[in-house]
Amino acid sequence: MNKKKFIAAGAAVGLAATLFAVAPAANAEPVANGPVIVGSDTLQDVVNALANGTNISGGNVRSTAGSANAGSFDATGSVSIQTKSGGNRFGRPNGSGDGVKALSRSIDGQPFTSATPSAPANVVISNQVDVARSSSGATVVANGPLLYIPFGRDALAYAHSGGANAAFDNLDQATLKGIFECTITQVGGVTVTPVIPQTGSGTRNDWIAKVGIGTLGGCVVVGQEHDTNSLADGSPFPANAITPISAAQWVAQNTGAGVDRRGAGVKIGSPIAGVSPVTGTGASTVPNPTYYANSTWGRDTYLVVENARVTAGDAKFDPNLANLVSNATTKLGNTQSTLPGQAGSVKKKFGFLAPSTTTPFRAALRS
């Protein structure tokens, strides 16, 4: 099984890394001498913290690639990025789909065009991306060139600026479908504005699939995922807006673990009556395991790499990359949260629980 091979490879490189305690950070333009990570907005804050080093869990944790440091690029920021010395500048991958697409073009050498507006088109980015953050899975393809490594358990919910209007707090699946297909235009007696994340977002794709949306209606507007500032005061979107949101992101933004992008007065809502995605408030906000375990709204998240590069014995095997994504104590693939020095304990502080499975799977390159 490839999982065993790359975990063993990580151990062979040497699992003890020099750790130092720093506050969790999200740096848009990292400087690193190791693997490059791009993609999902959902995972960016926690992966940034692990790559840069953090003591948020009460232990010193840094996910290194052997003797090298990883560089994790945010989903938003400058239109284009340069990830490695001498490499071409290319459009910043914004979201899971865009990140996996960039990784795919880094592998096959075909030109890459980001979903980021105004980004340079058709740029060759061979060997410029090593890992993609992904909040959604993919179709299993035996012997596919990509390997999806389970990272943590998240859940989909929605954020809204309905304020004190209790009708916004629990909208069932059928109502959400009608809102985003624009066949339902009012909630609690007021006009509702559905806001969908940008193209290339895994959260966008998961929301459409989980809600069962056939075609997005003409009343739907596009916004950056997990940034609800634009929902707060009716500008640029009308008041009483609603948008899908990662429960893990909501936890991290409330506790201060992640970058706070909450709009004033914006609340989290649940499509499951009587079951909130999170419990507690403010710095005490934590995931609700019952909601996360739901077969519709819960979701596993992933790190995506080229399978050959983390498989011991393959001609393309990269021991440093295999070390970075292994399930050893401080590495990105770790999902245990018993001890404060485990990467899984850091993930929990950012709102992620253990994934439903730790078994990686193979998939095709993304076109």
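The values are calculated or read from the model by the stated rules, or taken from the named source; none is laboratory data. Source: prediction; values computed, not measured. Note that each Cβ is placed from the backbone with ideal geometry, even for glycine, and that neighbours are counted across all protein chains shown. For the accessible areas, the whole protein counts, side chains as well, though only heavy atoms, and no ligand, DNA or RNA atoms are used. Shrake-Rupley method; radii C 1.70, N 1.55, O 1.52, S 1.80 Å.
Looking at ASN327, ASN294, can you tell me which residue is crowded, with 16+ Cβ neighbours inside 10 Å and in contact with a strand residue (DSSP E or B) (Cβ under 8 Å, 6 or more places away or on another chain)?
On the way: ASN327 fails: in contact with a strand residue (DSSP E or B) (Cβ under 8 Å, 6 or more places away or on another chain).
Of ASN327, ASN294, the one residue that is crowded, with 16+ Cβ neighbours inside 10 Å and in contact with a strand residue (DSSP E or B) (Cβ under 8 Å, 6 or more places away or on another chain) is ASN294.
Which members of region 177-207 meet the condition of being open to solvent by less than 40 Å² (accessible area, probe 1.4 Å), under 24 Å from the mean Cα position of the chain (by Cα) and of a type outside the set (S, T, N, Q)?
Here is the first cut: in region 177-207, the ones open to solvent by less than 40 Å² (accessible area, probe 1.4 Å) are 178-180, 182, 187, 192-198, 200-203, 206-207.
From the residues that got through so far, the ones that are under 24 Å from the mean Cα position of the chain (by Cα) too are 180, 194-198, 200-203, 206-207.
Across region 177-207, the qualifying residues are PHE180, PRO194, VAL195, ILE196, PRO197, GLY200, GLY202, ASP206, TRP207.
Would you check which residues across region 319-336 are within 16 Å of ALA132 (Cα to Cα) and in a loop (DSSP other than H, G, I, E, B) and list them?
Across region 319-336, the qualifying residues are VAL325, SER326, LYS331, LEU332, GLY333.
I'd like to check something: does region 236-244 contain any residue that is among the aliphatic types (A, V, I, L, M) and in contact with a Pro (Cβ under 9 Å, 6 or more places away or on another chain)?
Filtering region 236-244 for residues among the aliphatic types (A, V, I, L, M) gives 239, 241-242.
In the following step, the residues that additionally are in contact with a Pro (Cβ under 9 Å, 6 or more places away or on another chain) were identified as 241-242.
Yes, some residue in region 236-244 is among the aliphatic types (A, V, I, L, M) and in contact with a Pro (Cβ under 9 Å, 6 or more places away or on another chain).
Restricting to region 296-317, give me the number of residues that are assigned to a loop (DSSP other than H, G, I, E, B) and in contact (Cβ under 8 Å) with a residue 12 or more places away in the chain. Can you show your working first?
Pass one, region 296-317, residues assigned to a loop (DSSP other than H, G, I, E, B): 296-297, 311-317.
Going one step further and asking which of them are in contact (Cβ under 8 Å) with a residue 12 or more places away in the chain, we end up with 296-297, 311-313, 317.
Adding up the residues that qualify gives 6.
Among the residues of region 109-156, which ones are open to solvent by 50 Å² or more (accessible area, probe 1.4 Å), more than 16 Å from GLY87 (Cα to Cα) and either modelled with pLDDT under 95 or of a type outside the set (Ser, Thr, Tyr) (or both)?
PRO117, SER118, VAL140, VAL141, ALA142, ASN143, PRO145
Any idea which of ALA167, ALA174 is at pLDDT below 95, more than 26 Å from SER40 (Cβ to Cβ) and more than 25 Å from the chain's Cα centre (by Cα)?
Working: ALA174 fails: at pLDDT below 95.
After applying the criteria, what remains is ALA167.
Looking at region 232-285 only, could you name the residues that are in contact (Cβ under 8 Å) with a residue 60 or more places away in the chain, in a strand (DSSP E or B) and not small (Gly, Ala, Ser)?
Within region 232-285, ILE242, THR243, PRO244, ILE245, LYS267, ILE268, VAL278 meet the criteria.
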